[in-house]
Amino acid sequence: MGRPLVQALRAEGARVRPASRHNEDPDGVVFDFADESTWQETFDGVRSMFLVRPPQLARIRTELVPALEFARTAGVRHVVLLSVQGAGRVLVLPHAAVERWLRGSGLDWTFVRPSYFDQNLTSVFAADIRDRGQIVVPAGNGRTAFVDAVDVAAVAASALLEPQRHIGRIWTPTSDEALTYGEVAAVLSEVLGRHITYRRPSIRAYLRHARRTLGFDPPMAAMTAVIHAAARLGVAGHLTDDIRTVTGRTPTSLRDFARREKQVWE
């Protein structure tokens with residue numbers, strides 16, 4: 001999300017301060033939720049913030065909130081949170097805990113709850129597709145609402161640039177497609193010109209594959225199992241028109257995304 005969001009904001013002439021643990025942007029700063037010495041430079045003069053919860057931080061009250069309280073004291077007034085589809089229903093999600101804190105924080109907030117990122121196919125599952133010609137996720141035959149992170153970034157950019165239009169709003173950006181992974185494999189097969197197979201493992205078999213073949217640590221393996229189990233249970237396919245509503249543009253299809261990014265799998 002970071003790169004396309006920074007690009008979208010700068011295209012509109014906004015002043016942006018990228019902040020991350022390993023920052024390489026010339027206008028950015030090094031920031032770590034766990035390192036208080038990085039907070040002052042990060043939040044000095046900042047009024048609006050796009051917040052991404054690092055996946056390894058699950059204890060929100062102790063690992064995330066202290067930096068957010070510092071940001072509030074430093075003058076941040078509006079937080080646009082990258083949440084996740086379903087955070088309003090699945091209250092045990094860490095994203096839901098961040099949402100609850102923001103609601104009671106006195107800060108203005110906007111929640112962006114995207115569906116399943118197309119970019120998962122070009123990052124965490126890229127090696128399976130590229131090297132083994134397969135997609136291995138425990139989604140069964142359930143449908144998943146896909147979305148391009150570039151489209152989500154456009155929604156977030158609008159929230160940061162036009163806050164009065166978005167304060168107190170919850171957006172759930174999705175594409176127009178809720179696909180089974182068999183259909184995803186067919187799209188990739190067409191774009192790449194070779195056969196990509198969708199294997200439907202049990203959750204136990206998936207966890208074994210994630211650890212032994214993909215090299216995921218236990219929390220990452222468990223998190224991705226839960227995400228795909230949502231599709232297996234038939235609750236991951238909800239589509240919205242939020243991208244059109246906010247940006248006025250048509251969401252990117254998976255086929256167009258695959259054509260744009262095909263070199264990742266070659």
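At-a-glance table
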read-out	value
Where labels lie 7 Å past Cα in the beta-carbon direction, separation of Val92 and Val235 in nm	1.0
Square roots of five times the Cα gyration tensor eigenvalues for the range 80-176, Å	29, 16, 11
Over the range 153-266 - Rg/Rh using Cα atoms and the Kirkwood inverse-distance radius	1.03
Exposure rank, largest accessible area first [Val92, Val264, Val65; 1.4 Å]	Val92, Val264, Val65
Asn141-Ala222 FRET efficiency (beta carbon distance; Förster radius 30 Å; 0.05 resolution)	0.85
Relative contact order (%) - the chain, alpha-carbon pairs under 8 angstrom, separation at least six	20
Placed amide H near Phe50: partners under 5 Å, 5+ positions off or other chain	Val80
Protection proxy ranking of 210-219, 113-122 - average other beta-carbon atoms within 10 Å, highest first	113-122, 210-219
Accessible area of the chain divided out per residue, in Å², using a probe of 1.4 angstrom	49
Whole-Hz ³J(HN,Hα) from phi, Karplus 6.51 cos²θ - 1.76 cosθ + 1.60, for the range 97-108, glycine and proline x	5, 5, 4, 4, 5, 4, 4, x, 7, x, 7, 6
Apportionment of accessible area to carbon and sulfur, the range 71-193, percent (1.4 Å)	51
Farthest toward positive dipole pole in the chain [+1 Lys/Arg, -1 Asp/Glu at C-beta], among Ala71, Val137, Leu192	Val137
Cβ-Cβ FRET estimate between Ala186 and Thr73, R0 fixed at 35 Å, reported to 0.05	0.10
Largest-first ordering by accessible area, 1.4 Å probe, given options Ser202, Ser37, Ser105	Ser37, Ser202, Ser105
Helix axis angle, 149-161 relative to the chain longest principal axis, alpha carbon, degrees	20
Antiparallel content of DSSP bridges confined to the chain, in %, to 5	10
With Cα atoms, 0 to 90° folded angle of helix 218-232 axis to the chain main axis	70
Projected-area mean, the chain, by convex hull of Cα positions, square nanometres	13.8
FRET efficiency for Glu63 and Asp25, using Cβ-Cβ distance with R0 set to 22 Å, rounded to 0.05	0.35
Degrees, to the nearest 10: 65-74 long Cα axis against longest axis of the chain	40
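The values are calculated or read from the model by the stated rules, or taken from the named source; none is laboratory data. Only a predicted model underlies this, so the values are computations on that prediction, with no experimental measurement involved. All Cβ positions, even for glycine, are placed from backbone atoms using ideal geometry, and neighbour counts span all protein chains on display. Note: accessible area is taken over every heavy atom of the protein model, side chains too, but ligands, DNA and RNA are not part of it. Shrake-Rupley method; radii C 1.70, N 1.55, O 1.52, S 1.80 Å.
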